[in-house]
Amino acid sequence: MKINFSKQNMYLLAICTLLLIIILFFSFAVLIPKGKEYRVKRDELKKDNLELKHLANILIEKEERVQKLQSDNLRVIKALDKEFDIDEFIQQYGSFFSSLHITQKSNLENENGFSVYEVNATSEISSPKSFYNFLDALNKSDWIVEVNFPIDFKKDSEMINSNFSMKVYKKSKDLNGN
């Protein structure tokens, strides 16, 4: 059997062979490297998505913790916003003392992001127990108050004279954004 190759068949065979070579070249030069690159990027995306999900879970946990802390410490947060008023302080805590006198020691100063109001207190008490009751009540105060040591107690007949200083803390205007 003899195969007859005409010019047209030869031309068609050459074009098909050339097209096959172009397709193979395109596949090996472009498609296969791009496919490998795609797989690498897909794997990176999976890792990034897992990390993002993990960080989102951490963020949710932190946000829940912040909300819980804010609700648990709402009294303290409000106390940091309240202005100190000597008359109101004496009205609230004067019952712990036979007499209570408070004088301003220094103006507001900035300390670690807080405005600090320093006051001196002079009081008369019938027993040290009333002073400790005062300290317990002060922990539930409308203000953030730090009683400074030493506390000076002196016995005077039936009464005990005490002298101590306190610092009252308030959020600084810088922290409030003002």
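Quick notes
- Scanning region 144-160 for residues that are assigned to a loop (DSSP other than H, G, I, E, B) and free of Cβ contacts under 8 Å to residues at least 12 places away in the same chain gives a single hit, SER157.
- The criterion of at least 2 residues that are of a type outside the set (S, T, N, Q) and over 15 Å from MET166 (Cβ atoms) is met, among helices (runs of 4 or more DSSP H) falling completely within region 29-143, by 32-72, 74-81, 128-138.
- In region 73-119, residue modelled with the lowest pLDDT [restricted to those that are open to solvent by less than 50 Å² (accessible area, probe 1.4 Å) and polar (S, T, N, Q)]: SER106
- Selection within region 12-39 - open to solvent by less than 80 Å² (accessible area, probe 1.4 Å) and of a type in the set (Ser, Thr, Tyr): THR17, SER27
- If only residues of region 120-157 that are aliphatic (A, V, I, L, M) and over 18 Å from PHE84 (Cα atoms) are counted, the one that is surrounded by the fewest Cβ atoms within 10 Å (Cβ to Cβ) is ILE151.
The values are calculated or read from the model by the stated rules, or taken from the named source; none is laboratory data. Every value quoted in this text rests on a predicted model; they were computed, and no experiment measured them. Because the Cβ atoms are built from the backbone with ideal geometry, glycine has one as well, and the counts that use them run over all protein chains shown. Surface accessibility is based on the protein's heavy atoms, side chains included, excluding ligands, DNA and RNA. Shrake-Rupley method; radii C 1.70, N 1.55, O 1.52, S 1.80 Å.
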